[in-house]
Every structure is written in structure tokens, then in C-alpha cells.
1. Report the label-to-label distance for Val47 and Lys60 in nanometres (one decimal), using points 7 Å from each Cα along the Cα→Cβ vector.
2. Can you put Phe22, Phe50 in order of Cβ neighbours within 10 angstrom, beginning with the fewest?
3. Return Arg78, Arg23 ranked ascending by Cβ neighbour count within 10 Å, so the fewest neighbours appear first.
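Just so it is clear, none of the values below were taken in a lab; they were calculated from the coordinates. What you are looking at is a predicted structure, and each value in this text was computed from that prediction instead of being measured. Reconstructed Cβ throughout: ideal geometry from the backbone, glycine too, with neighbour counts over all protein chains shown.
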Amino acid sequence: MIQRKQSAGVRTACAGMATHKFRVGEKVQFLAGLGVRFATSEIYEIVQQFPESDGEYHYKIKSVDEPHLRMAKESQLRRA
């Protein structure tokens with residue numbers, strides 16, 4: 001039986017294994033950089049999850065308003 005708990009915004013499973021906070025297909029808001037606020041009108045979709053790197057999960061995201069994909073750290077995203 002796997003027990004899940006949430007701590008500081010990161011979901012964990014037993015044995016301390018962390019999991020991604022966002023799922024493929026989920027809508028999120030993107031914070032581009034330091035001092036930049038979340039743009040309420042800019043909604044992105046998670047298109048791919050990447051493994052943990054530098055202590056944080058990464059995602060490929062896509063906006064309907066842009067022709068290209070972006071890479072984002074989990075800390076740069078919040079649920080839309």
C-alpha cells in the first residue's frame with residue numbers, strides 16, 4: 001500500500017520518493033523570472049515531464065498563443 005502525503009508543495013510517496021506536482025495535459029500559469037508576476041491571461045499546458053535536475057522537476061509547456069515550447073522548473077509554475 002502506497003501512502004502519499006504533501007509537504008511544501010511536493011508530493012511524496014513512501015520511501016521518500018518525490019513525484020511530479022503537475023500532470024501532462026494540466027493547465028498552469030508560468031512565472032518567467034525573478035520579479036515577474038504570474039500573467040493571469042497566459043495559460044500554458046504541460047506537454048512533457050522531465051526527471052529531477054538540480055533538486056527540482058522540469059516540464060515542457062506550450063501556450064496556445066505561441067508557436068514554440070518552453071522549458072520550466074516546477075517552482076515557476078502554479079495551477080491555472
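1. 0.7
2. On the way: Phe22 19, Phe50 14.
Ascending Cβ contact count within 10 Å gives the list Phe50, Phe22.
3. By the 10 Å Cβ count, ascending: Arg23, Arg78.
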